[in-house]
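Chemist: Have a look at this one.
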Amino acid sequence: MVHGIFPALVTPMDDDGAVIDHATLGRLVDVQLQRGAAGFFVCGGSGEGLLLSVAERQAVLETVLAANGGRGQIIAHIGALDSASARQLAAHAARCGVAAVAAVPPVYFRVDDDALLAHYQGIADAADGTPVYLYNIPSATGVEITARTMARLITIPTVRGIKYSSYNLFDLRNIIELLPDELTVLSGNDEVCLAALVMGAHGAIGSTYNVMPATFAALYRAWRGGHLAQAQALQFRANRVIRALLEVPVIAGLKVILSGWGYPCGAPRRPQRPLTADERQRVLAAVDAAGLEALEQDALQQLAGT
């Protein structure tokens, strides 16, 4: 089972969002591990995985694994519009030795439960024993993976986890109770990370952990140590930063912040768009007013025990 805080890594690109910057990607892996990340979620939504080719996604995963050097656990998102690409990516990730593969359900072409089961069975077969996690993000896919759906999918022996990006924490708990000692359930909504941990989540995967890895690592440690007030304070301060980020397209905003910190991430890939000059100034001012850098420094001190 997987525990802890996992940044949903952005994928650095050039200023046109066309060419992946593997050197910066490797540097991001290193600094986020230093700031308390337990591992990484690679080529998910924040990593723009569905906008990358199969070859690009394979190359990104290989870069992350090389930079990681066995220090953290790697979850490879291999979800795709078609089952064949998902299976190809799953087989590659398994050969690379990831901790788990994860996949959103099929999107655009809605499928029934039988087709959904067959889709994930094909992924599980291709992953050849590597744990398979579902990825529930109905705000993006229009598909809700409920506890009822999960109960059927866990009949596939290697389906043993889920990234749960939904506010229905009652159903999150229902999923945990299907196999409480075997299912890894990771929260996917950063703004309710602590609430999900209280409901039994084993950790969290998040977009804003790209710029707040220490904050959420300290929150997780405080929660595990029974220091609820400390964890609450970190969540509430983090939420001020999240509110500031939501003023602009989030992936583009994260890339602007990281670029300002010396990790050039370029632009998102089309059809997403880069921020305008006014938006860049606005988001940088907003996260500064929300206390992002002070928050991360305070969290680093907490992690260091000072």
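Chemist: Can you tell me how the stretch 82-219 classifies by the Cα gyration tensor, rounded, prolate or oblate, using a/c under 1.5 as the rounded cut?
Modeler: prolate
Chemist: Using +1 at the Cβ of each Lys and Arg and -1 at the Cβ of each Asp and Glu in the chain, identify which of A94, A204, A252 lies farthest towards the dipole's positive end.
Modeler: In the chain, that residue is A204.
Chemist: Longest exposed-loop-site-free stretch of the chain, with chymotrypsin sites (Phe, Trp or Tyr not before Pro), DSSP loop and at most 10 other Cβ within 10 Å?
Modeler: 110-306
Chemist: Once you list every other residue whose beta carbon is under 15 Å from the beta carbon of V104, what net charge do they have if Lys and Arg are +1 and Asp and Glu are -1?
Modeler: Result for the neighbourhood of V104: +1.
Chemist: Summing Lys, Arg as +1 and Asp, Glu as -1, what charge do residues with Cβ under 12 Å from the Cβ of I205 carry, I205 excluded?
Modeler: 0
Chemist: Also, quick follow-up: Taking a ≥ b ≥ c as the square roots of the Cα gyration tensor eigenvalues, with a/c under 1.5 meaning rounded and otherwise prolate when a/b beats b/c, else oblate, which class fits the stretch 259-304?
Modeler: It comes out prolate by the Cα gyration axes.
Chemist: What whole-number volume per residue, in cubic angstrom, does the convex hull of the C-alpha atoms of the stretch 4-304 give?
Modeler: Roughly 117 Å³ of hull volume per residue.
Chemist: Which value, in debye to the nearest 20, gives the size of the charge dipole of the stretch 4-304 about its Cα centre, when Lys and Arg are +1 and Asp and Glu are -1 at the Cβ?
Modeler: It comes to approximately 340 debye.
Every read-out reported here was derived from the displayed coordinates using simple, explicitly stated rules and does not represent laboratory data. Just so it is clear, the model here is predicted, and its values are computed rather than measured. Cβ: placed from backbone, ideal geometry, glycine included. Neighbour counts: every protein chain shown.
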